[in-house]
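Chemist: Structure in structure tokens, see below.
Readers should treat all values here as calculations from the given coordinates under stated rules, not as data from a laboratory. For clarity, every value in this text was computed on a predicted model and none was experimentally measured. We place every Cβ from the backbone using ideal geometry, glycine too, and count neighbours over all the protein chains shown.
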Amino acid sequence: MLYPLATLEAEKLRALKNLEQDIGSPVVALAGVEANTAALPEDQLKKLQELEKELGVVQVAVRPH
């Protein structure tokens with residue numbers, strides 16, 4: 001399961017902003033997405049990790065359908 005940022009409709013975004021005000025802290029909404037991760041050989045995993053470091057983002061290799 002992966003959890004990208006959720007896209008919220010106006011009403012849900014309003015509820016989230018109200019919660020942030022109530023608790024005094026930012027809240028990040030994430031959406032669950034079913035995904036089967038790929039089992040990469042060590043050399044390919046190293047390439048993925050190097051690019052992660054270079055780009056400053058988390059990357060997940062998934063199995064194609």
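Chemist: Where does helix 42-55 land angle-wise versus the long Cα axis of the chain, in degrees 0 to 90, nearest 10?
Modeler: The angle comes out near 40 degrees.
Chemist: Taking the radius of gyration and the Kirkwood hydrodynamic radius from Cα positions alone, what is the Rg/Rh ratio for the chain, to two decimal places?
Modeler: Using Cα coordinates only, the ratio equals 1.15.
Chemist: Let me ask something additional. Return the calculated 222 nm mean residue ellipticity for the chain, to the nearest 500 deg cm²/dmol, obtained by summing -39500 (n - 2.57) across DSSP H runs with n ≥ 4 and dividing by the residue count.
Modeler: Value at 222 nm, helices only, nearest 500: -14000 deg cm²/dmol.
Chemist: Could you give the longest part of the chain that holds none of the GluC sites (Glu not before Pro) found in DSSP loops with at most 14 neighbouring Cβ atoms within 10 Å?
Modeler: For GluC sites (Glu not before Pro) (loop position, at most 14 other Cβ atoms within 10 Å), the longest site-free span of the chain is 35-65.
Chemist: Which length gain, in nm to one decimal place, applies between Val58 and Met1 when the Cα-Cα distance is subtracted from 0.36 nm times their residue separation?
Modeler: 19.1 nm
Chemist: Here's something else I'd like to know. With a cut-off of 8 Å between alpha carbons and a minimum separation of six or more residues, what is the relative contact order of the chain in percent?
Modeler: 37 percent
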